[in-house]
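The block underneath contains the structure these notes are about, expressed in structure tokens.
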Amino acid sequence: MKSGEKNLVIRVDAGPQIGMGHYVRCLALAQHWCFQGGRVFILTNIADKKIGEMPGVIFQKTAERAANAGQLIEIIREKDASWVLIDGHNFDPAFLEKAGKTEARVLFLDDDATLKKYPVDILLNQNIFATSAMYKGKTQARLLLGNYYALLRPKFLNKSTWSRKHPSVATKLLVTFGGADPLHLSQNFLEIYSQLAPEDILRKMSIRLIVGQMNSNFQVIKDLSKKLPNCRVLR
């Protein structure tokens, strides 16, 4: 096997408005690729943060224009990559076509079938509602549809047989609004929670609020939680 056949290039972005969903699911695939002995090159706008850093993964910062296919093509050819994974709503059919003109095969992660066409080799939509009818007449790609193809990191796959007993009355509540929370729902939740009457059942529960890496209001949320003895903020 040639060295380039083990190389995967990923093009994905993340941020306070975009969120972390696209980025995290790409990291899951990257981790599995590395476990098989390959190398991954992630071209992203948050390369400097190196979120999800692991052996075998190299981060590279995007150029000024997010949808600059030229930079992606340059990396594909430089690394002699066999596959390129593209994930994000800011990539149009023209961008996908340019990536497809390289020697690499193209895997595109989609959610809503809003593009007019998908000129790629494999199209993955892991949502439970995904059907082939959504892409009729739009692509000749191999379709991987539904939650059977959900991209999960190994540590979550290892929990597939895990089970526990559930009490008749809940005493713990886990809350999260994603990696970025652009609508500031974490802060809103704590503000509303703090106004509940002491005898309210929620005030008696143990609350764990997970705040994502791209949440710009982390310190405000942390300060609010200090006034609530049953609430703990995690990041």
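The values are calculated or read from the model by the stated rules, or taken from the named source; none is laboratory data. Quick caveat, the model's predicted, so the values are computed rather than measured. Cβ sites come from the backbone with ideal geometry, for glycine too, and all protein chains shown count toward neighbours.
Might you let me know whether segment 79-89 holds any residue that is without any contact (Cβ under 8 Å) to a residue 40 or more places away in the chain, assigned by TED's automatic domain parsing to the domain that holds residue 125, acidic (Asp, Glu) and surrounded by fewer than 21 Cβ atoms within 10 Å (Cβ to Cβ)?
The answer is no, given that none of the residues of segment 79-89 is without any contact (Cβ under 8 Å) to a residue 40 or more places away in the chain, assigned by TED's automatic domain parsing to the domain that holds residue 125, acidic (Asp, Glu) and surrounded by fewer than 21 Cβ atoms within 10 Å (Cβ to Cβ).
Assuming residue 14 fulfils every condition listed in (1) crowded, with 22+ Cβ neighbours inside 10 Å; (2) closer than 23 Å to residue 235 by Cα; (3) more than 14 Å from the chain's Cα centre (by Cα); (4) among the hydrophobic types (A, V, I, L, M, F, W, C) apart from one, which condition is it?
(3)
Please go through segment 22-68 and give me each residue that is free of Cβ contacts under 8 Å to residues at least 60 places away in the same chain, crowded, with 19+ Cβ neighbours inside 10 Å and under 19 Å from residue 95 (Cα atoms), ordered by number.
Correct list: 41, 42, 43, 44.
Conditions: (1) under 21 Å from the mean Cα position of the chain (by Cα); (2) in a helix (DSSP H, G or I); (3) charged (D, E, K, R). Residue 97 meets all but one. Number of the miss?
For residue 97, the failing item is (1).
Check off (1) surrounded by fewer than 19 Cβ atoms within 10 Å (Cβ to Cβ); (2) among the aliphatic types (A, V, I, L, M); (3) touching a helix residue (DSSP H, G or I) at 6+ places or on another chain (Cβ under 6 Å) for residue 233 and give me the number that stays unchecked.
All conditions are met except number (1).
Just one of (1) outside the structural domain of residue 14 (by TED's automatic domain parsing); (2) not in a loop (DSSP other than H, G, I, E, B) trips up residue 70, so point out which.
Of (1) outside the structural domain of residue 14 (by TED's automatic domain parsing); (2) not in a loop (DSSP other than H, G, I, E, B), only one is false for residue 70: (1).
Does segment 128-137 hold any residues that are in a loop (DSSP other than H, G, I, E, B) and buried (at least 17 other Cβ atoms within 10 Å of the Cβ), and which are they?
Start the filter on segment 128-137 by keeping residues that are in a loop (DSSP other than H, G, I, E, B), which leaves 128-131, 136-137.
Result: 130, single match.
For segment 138-147: of the residues being assigned to a loop (DSSP other than H, G, I, E, B) and not hydrophobic (A, V, I, L, M, F, W, C), which is surrounded by the most Cβ atoms within 10 Å (Cβ to Cβ)?
Let us first name the residues in segment 138-147 that are assigned to a loop (DSSP other than H, G, I, E, B), namely 138-141, 146.
Okay, now just the ones that are also not hydrophobic (A, V, I, L, M, F, W, C), so 138-140, 146.
Details: 138: 16, 139: 21, 140: 12, 146: 15.
Among them, the one singled out is 139.
Go through segment 1-40 and report how many residues are under 12 Å from residue 179 (Cβ atoms), assigned to a loop (DSSP other than H, G, I, E, B) and of a type in the set (D, E, K, R). Reasoning before the result, please.
Here is the first cut: in segment 1-40, the ones under 12 Å from residue 179 (Cβ atoms) are 14-25, 27.
Imposing the further condition that a residue be assigned to a loop (DSSP other than H, G, I, E, B) reduces the set to 14, 16-18, 20.
Applying the additional criterion that residues be of a type in the set (D, E, K, R) yields none.
Number of matching residues: 0.
Mind telling me which of the residues 80, 112, 87 ends up being acidic (Asp, Glu), out of contact with any Ser or Thr (no Cβ under 8 Å at 6 or more places or on another chain) and farther than 15 Å from residue 24 by Cα?
112
Are any residues in segment 41-61 among the β-branched types (Val, Ile, Thr) and either touching a helix residue (DSSP H, G or I) at 6+ places or on another chain (Cβ under 8 Å) or not in a strand (DSSP E or B) (or both), and if so, which ones? First the steps, then the outcome.
First, the residues of segment 41-61 that are among the β-branched types (Val, Ile, Thr): 42, 44, 46, 51, 57-58.
Passing the criteria: 42, 44, 46, 51, 57.
For segment 73-90, state whether one or more residues are under 17 Å from residue 18 (Cβ atoms), modelled with pLDDT under 95 and either among the hydroxyl-bearing types (Ser, Thr, Tyr) or assigned to a helix (DSSP H, G or I) (or both). Even if it seems obvious, please write down each step before you answer.
First, the residues of segment 73-90 that are under 17 Å from residue 18 (Cβ atoms): 85-90.
Still in the running and modelled with pLDDT under 95: 88-90.
Filter again for either among the hydroxyl-bearing types (Ser, Thr, Tyr) or assigned to a helix (DSSP H, G or I) (or both), leaving none.
No, there is no match, as no residue in segment 73-90 is under 17 Å from residue 18 (Cβ atoms), modelled with pLDDT under 95 and either among the hydroxyl-bearing types (Ser, Thr, Tyr) or assigned to a helix (DSSP H, G or I) (or both).
Could you grab me the full set of residues in segment 110-127 that are crowded, with 22+ Cβ neighbours inside 10 Å and either of a type in the set (A, V, I, L, M, F, W, C) or touching a residue at least 60 places away in the same chain (Cβ under 8 Å) (or both)?
120, 123, 124, listed by residue number.
Surrounded by fewer than 16 Cβ atoms within 10 Å (Cβ to Cβ), outside the structural domain of residue 29 (by TED's automatic domain parsing) and touching a residue at least 24 places away in the same chain (Cβ under 8 Å): which single residue out of 222, 226, 165, 204 fits that description? Show your work before the answer.
Details: 222 fails: touching a residue at least 24 places away in the same chain (Cβ under 8 Å); 226 fails: touching a residue at least 24 places away in the same chain (Cβ under 8 Å); 165 fails: touching a residue at least 24 places away in the same chain (Cβ under 8 Å).
When all the criteria are applied, what remains is 204.
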